[in-house]
Amino acid sequence: MDPHPSLLKRKIIHVDMDAFFAAVETRDNPSLKGKPIVVGGLPTARGVVSTASYEARKFGIHSAMACSQAQKLCPSVIFVPPRFDAYQEVSNQIRTIFREYTDLVEPMSLDEAYLDVTQNKHDLYAVKIAQEIKRKVFETTTLTCSVGVAPNKMIAKIASDANKPNGITVVLPDQVLKFVEHLPLRKISGVGPVTERRLAQAGFKVCSDVWKYSLDELEEKFETSANWLWEISRGIDESPVDISYERKSLGHEQTFPQDILDKNELIKRIEVVAAEVCEELKERNLQGRTITLKVKYANFEQITRAQSIKDVTNKVEDVSNIACQLVEKTEIGKRKVRLIGVSVSNLVGETLESYN
Ligand code: TTP
Ligand code: MG
């Protein structure tokens with residue numbers, strides 16, 4: 001079968017530093033080399049693991065785990081407090097290297113970025129650029145990264161993770177279907193735990209589970225998400241490398257196939273959209289302070305209601321609760337609704353904020 005036409009148009013690279021915070025700490029303090037270390041808060045101060053060295057990961061320690069739990073799993077683990085200035089400096093260095101090849105760079109976090117190298121400053125093949133980037137990153141920072149080269153962002157990201165650490169994985173257009181066939185849907189950027197559960201309820205665990213259904217059949221189960229699901233399950237992702245990455249807000253919306261009047265039904269929909277927004281915030285290491293609910297009534301009249309909170313958040317409970325409280329400031333339940341949206345603004349980078 002010929003590859004989907006969108007897979008023939010672009011060449012995307014995804015770069016992700018290996019065990020980033022831990023690697024910087026080990027580089028700057030060689031006595032930590034080869035040892036299980038955790039960068040994060042202290043176990044006594046209810047800290048969480050930002051990242052664990054590969055040696056520590058062997059004990060089952062991972063990001064976001066409580067440090068007290070990490071210590072139980074590996075009593076000899078060394079806790080190192082984070083030094084964001086050092087991470088920021090490396091981040092600037094690697095972004096400078098990326099921009100030697102293209103201005104289409106979308107940093108996702110300090111240690112991760114997408115590059116669109118379809119057209120690039122040196123007219124090089126994407127694979128050659130990937131190799132050069134790995135070499136230059138190491139020469140400049142003495143740190144390793146893993147790189148994925150693919151026809152789109154979704155595949156490039158999964159590819160960069162496929163051969164960690166210090167790996168390079170190339171997925172050509174005609175290899176995409178095979179590459180995703182047995183891939184758990186959970187591995188796809190944008191599929192967080194909430195979406196994963198919804199998919200599992202329909203019996204979908206890996207990409208090829210979705211292939212058996214037509215778009216019409218998927219629409220019955222997943223409504224407006226059907227097209228997205230049809231595409232990602234086949235490795236199709238046309239989202240551009242977005243250089244306006246310093247975003248002011250992040251939101252999702254859902255247009256219903258039929259207008260909805262029932263308040264409880266709408267609240268359920270709002271909760272699903274809020275959960276999607278939080279998944280993306282977490283993926284981008286962002287938290288926000290203002291939650292906005294958007295409602296478009298059946299006659300296309302549109303309103304927004306917003307509320308700000310004291311502390312930034314990306315927790316589903318917070319965003320969902322506030323969005324649902326905002327329902328009381330709308331005519332939901334009285335007028336038919338064709339679209340709802342939830343967004344979070346006043347954003348800050350989570351990792352920086354939580355330690356400053
Ligand atoms: P990741 O790229 O997810 O992880 P990593 O670079 O530590 O390891 P890997 O080799 O698997 O890519 O995250 C980059 C950095 O972001 C990480 O070093 C620390 C920080 N971070 C947090 O602070 N909290 C988190 O929950 C995660 C996932 C990462
Ligand atoms: Mg990383």
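The values are calculated or read from the model by the stated rules, or taken from the named source; none is laboratory data. Everything numeric here is computed off the predicted structure, so don't read it as measured data. All Cβ positions, even for glycine, are placed from backbone atoms using ideal geometry, and neighbour counts span all protein chains on display. These area figures cover heavy atoms from the full protein model, side chains too; ligands, DNA and RNA do not enter into them. Shrake-Rupley method; radii C 1.70, N 1.55, O 1.52, S 1.80 Å.
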Any chance you could run the full-extension gain for Ala45 through His182? It's 0.36 nm times the residue separation minus the Cα-Cα distance, nm to one decimal.
45.2 nm
Relative contact order for the stretch 16-156, counting Cα pairs under 8 Å that sit 6 or more residues apart, in percent:
22
In nm, what is the difference between 0.36 nm times the number of residues separating Glu317 and Phe138 and their Cα-Cα distance?
60.3 nm
So, with +1 on the Cβ of K and R and -1 on the Cβ of D and E, and no other charges, what is the size of the charge dipole of the stretch 79-221 about its Cα centre, to the nearest 20 debye?
380
Can you give me the Kirkwood hydrodynamic radius for the chain, using every pair of distinct Cα atoms, in Å to one decimal?
22.0
Residue-normalised accessible area of the stretch 278-352, given per residue in Å² at a 1.4 Å probe
46
Which whole-number percent is the relative contact order of the chain (Cα, under 8 Å, 6+ apart)?
15
Listed highest first by mean packing, meaning other Cβ atoms within 10 Å per residue, what order do 318-327, 87-96, 168-177, 153-162 come in?
153-162, 318-327, 168-177, 87-96
In debye to the nearest 20, the charge dipole size for the chain, taken about the Cα centre with +1 at each Lys and Arg Cβ and -1 at each Asp and Glu Cβ, equals 600
Calculate what fraction, in whole %, of the accessible area of the stretch 10-97 sits on carbon and sulfur atoms when a 1.4 Å probe is rolled over the protein chains.
56
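Per DSSP H run of at least 4 residues, take -39500 (n - 2.57); add these up for the chain, divide by its residues and hand me the 222 nm value, nearest 500 deg cm²/dmol.
-11000 deg cm²/dmol
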Local charge sum around Val337 (other residues, Cβ-Cβ under 11 Å, Lys/Arg +1, Asp/Glu -1)?
+3
Among 2-11, 184-193, how do they line up from the highest to the lowest mean number of other beta-carbon atoms within 10 Å?
184-193, 2-11
Could you list the residues of the stretch 294-311 with an amide nitrogen less than 14 Å from a label point located 7 Å from the Cα of Asn346 in the Cα-to-C-beta direction?
306-311
Pull up the cross-link candidates among the aspartates and glutamates for Lys121, meaning alpha carbon to alpha carbon under 14 Å and not fewer than 8 places away within one chain.
Glu100, Asp103, Glu132
Could you please report the charge total around Ser208, scoring K, R as +1 and D, E as -1 over all other residues with beta-carbon less than 11 angstrom from its beta-carbon?
+2
Grab the other residues whose beta carbon is less than 15 angstrom from that of Lys9, score K and R as +1, D and E as -1, and report the net.
-3
Extension gain Arg83-Thr290, at 0.36 nm per residue separation less the Cα-Cα distance, in nm?
71.7 nm
If r is the Cβ-Cβ distance from Ser208 to Gln93 and R0 is 51 Å, what FRET efficiency results, to the nearest 0.05?
0.80
